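This report concerns only the one structure given below.
A short reminder: the numbers here are calculations on the coordinates, not readings from a lab. Worth saying up front: this structure is predicted, and the values here are computed from it rather than measured. Neighbour counts are summed over all protein chains in view; Cβ atoms, including those assigned to glycine, are modelled from backbone coordinates with ideal geometry.
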Amino acid sequence: MLSAVGGESVTGDYVRIHEVGPRDGLQNEPSVISVARKVALIDLLSQSGLRDIEVGSFVSPKWVPQMADTDQVLAQLSPVQCVRYAVLVPNKRGWDGFLDARRDDIITDIAVFIAASEGFSQSNLNCSIAESVDRLRPVVAAAKETGVTVRGYVSCVTDCPFDGPTSPQQVADTVAMLRDLAPMQISLGDTIGQGTPDRISAMLEAVLAVAPATDLAGHFHDTGGQALANIAVSLAHGLRAFDSAVGGLGGCPYAPGAPGNVATEAVLDLLAHSGYETGVDARFIAQAADMARGMR
Ligand code: HMG
Ligand code: MG
């Protein structure tokens, strides 16, 4: 059964951190990172109390060679109960790859991704926004039939590296297109880290007209150094789920200028000082951040 938030509540003082370093971080690294090193990072993160870790992608290996070994990563990681391991799936071909690699002893979620701007859609998925949604129809239907939880990403929620500023209404329309496929949590991606609290706030106001805060997450890259401020403003709008990458790993190969995701350790600090619970042990994250920095 599809579940908007992996079957758990995300209201109140609990904030759910989605660790995306092993995927969003490592997909952009120029050097080859072995399966063993990826698995060591994921296994360490799994011990920290994190409940969601994105571990790879079933995308074209020609487009993103760093994620070509995601099947082996899934095969070799040591699952921890209560951790949900997620992978990106762009189309039916990716879904089939996911099904082949799926293990019975791990909860695996999929994440589908589209853009709020046509330029980034073409660059990242080689098709228009409408076509990308059509390609996801059979994926989401198959996930529903198989009982796999689906999360959705919308990229370029404030700015596109090709089309310039994205209007809040454009983002709301794109979120609605994904949620028309099925109920799912939508992670709002500031892909190139140009968002500021005022603009994030305007974007969220538009999006909150089509989806409740409990079904939204913030995904902030940190180019402009505004990611923590953008998380703060998102918290004020009721969001209680954020994506981050240990050690500030990150970037997107199809978004020139996309820097690292906001660092998990910095988000934990902000949340702890603001009185939010995450259930994540910062000592494990500090160790994992050292390991992640050693991969750059
Ligand atoms: P395409 O070339 O238009 O696809 O790419 P196609 O259907 O014409 O197929 C071309 C070839 O790719 C064929 O192989 C297919 O079999 C193969 P060939 O005959 O040439 O040997 N193919 C695949 N192989 C493996 N897995 C697949 C797959 N699909 C086709 N799933 C495609 C379309 C979507 C595949 C391509 O554009 C792609 O892989 N894009 C992914 C790009 C990507 O992963 N970007 C990074 C993730 S998104 C991100 O980072 C943003 C995010 O963090 C949020 C934010 O920050 O905003 C999520
Ligand atoms: Mg990203």
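Rounded to a whole number, what is D in µm²/s for segment 16-293 from Stokes-Einstein with the Kirkwood radius over alpha-carbon pairs (4 °C, 1.567 mPa s)? Using the Kirkwood radius from Cα pairs, D works out to 71 µm²/s. When both bridge partners sit in segment 16-293, DSSP labels roughly 10% of those beta bridges antiparallel. Placing unit charges on each Cβ (+1 for Lys and Arg, -1 for Asp and Glu) gives the chain a dipole about its Cα centre, and among I107, A289, F242 the Cα reaching farthest toward its positive end belongs to I107. Note on segment 144-240: Rg/Rh from C-alpha atoms, Kirkwood Rh, equals 0.97. For segment 16-293, the relative contact order comes to 20 percent (Cα pairs under 8 Å, sequence separation of at least 6). Amide H to amide H, with H built 1.01 Å from N, D52 comes under 5 Å of E19, R84, counting only residues 5 or more places away or on other chains. Per-residue ellipticity at 222 nm computed for the chain from its helices equals -11500 deg cm²/dmol, with DSSP H segments shorter than 4 residues left out and the rest contributing -39,500 (n - 2.57). Enter the Cα centre distance for the pair segment 126-158 and segment 211-248, rounded to the nearest angstrom. Taking the Cα centre of each part, segment 126-158 and segment 211-248 sit 21 Å apart. Amide H contacts of S187: G152, Y153, V154, A217, each under 5 Å away and 5 or more positions distant or on a separate chain (H built 1.01 Å from N in the peptide plane; Pro and chain starts excluded).
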